[in-house]
Structure formats: structure tokens, C-alpha cells
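See structure below.
The values are calculated or read from the model by the stated rules, or taken from the named source; none is laboratory data. Please read all numbers here as calculations on a predicted model, not as lab measurements. Note: ideal-geometry Cβ built from the backbone for every residue, glycine included; neighbour counts use all protein chains shown.
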């Protein structure tokens, strides 16, 4: 079973008081490890330490109405935020991103927001998420998108890491 890898609330105490962070894990074998939500309403400076976990994330900036592919390289990234934000993300299982984005070299995802809904056709189908108000409806849209890729998962490999 997957254990939370991104644990920002333990890496920075201020983060825990200013940011709501939650992960949702579906049962069964799925292309994603989890969906996650991260929201901050204050303008107080906070730091978010993002750990390297070998996963590619599809990140939804719900305030800016953009979608991008995110990844960390080989070390922890510490980001500072002063402004309010509202993010939702999909943490993909290692290897799944290649099947969703076959034309993208995954090592190129380390550049911040290089691949967005503007230049990545696979992400354009998810743009309707910004028209949905209900969090459950957003999750269902994401699950429908991801379920298309379930057949590419190597169940034996997943059982080893779970």
C-alpha cells in the first residue's frame, strides 16, 4: 500500500498552519498513486519542501486555470509562496506518464511548467475541470481520464511496490 511521500506538513511547521494538504487514494490497481489537494488562503510566506519521489504529477492550478506536468529531479525542491493558491494534482505511478504523454521526454518535465494545456494535447481534454465546482465531480473527470490508461500498468510490478 502506498504511504504518503509528499509530507510537507512535517517538513515545515508553518506549512501545516497555513496550507490544507490532502491525498485521496483509490482502491485497486490504478495509473495514479493518489490525487492530492493543496490550498492556501493567506498571504503569509510559507515554504513547501517537495521531495524527489520518482513520480510525474499532472498539476491543476485552479486559480490560474492551467494544467501542467511537474516532476522533481534528484533533490528536494523548496518553494516559497506568499500568495494564496489552490492546486489539485495527480501523482502518477512511475512509468505511467510515458503512456499518457508518449511524445514527451519525461526528463524535460523538470523545467517548471514547460508542458501545459497550451502545448500538450493530452492535457486539453482535462480543461473542463475548471468548469466543475464540485470536488467530487473533478475527481470523477480525472478518474475517467486515467482509467483509459489502466491497461498499461504492469500488475506484477505494482504488487512489488505496494
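Tell me whether segment 11-20 contains one or more residues that are under 22 Å from residue 148 (Cα atoms) and either modelled with pLDDT of 85 or more or part of a loop (DSSP other than H, G, I, E, B) (or both).
Our first condition is that a residue be under 22 Å from residue 148 (Cα atoms); within segment 11-20, this holds for none.
Taking every residue of segment 11-20 in turn, none turns out to be under 22 Å from residue 148 (Cα atoms) and either modelled with pLDDT of 85 or more or part of a loop (DSSP other than H, G, I, E, B) (or both).
Among the numbered conditions (1) in contact with a strand residue (DSSP E or B) (Cβ under 6 Å, 6 or more places away or on another chain); (2) assigned to a loop (DSSP other than H, G, I, E, B); (3) at pLDDT below 80, the only one that residue 52 does not meet is (1). The single condition from (1) more than 25 Å from residue 39 (Cβ to Cβ); (2) outside any loop (DSSP other than H, G, I, E, B) that residue 87 fails is (1).
Take residue 29 and tell me if it is within 28 Å of residue 105 (Cα to Cα), outside any loop (DSSP other than H, G, I, E, B) and at pLDDT 70 or above. Walk me through how you get there before you give the answer.
Working: within 28 Å of residue 105 (Cα to Cα): yes; outside any loop (DSSP other than H, G, I, E, B): no; at pLDDT 70 or above: yes.
When the stated conditions are applied, residue 29 does not pass them.
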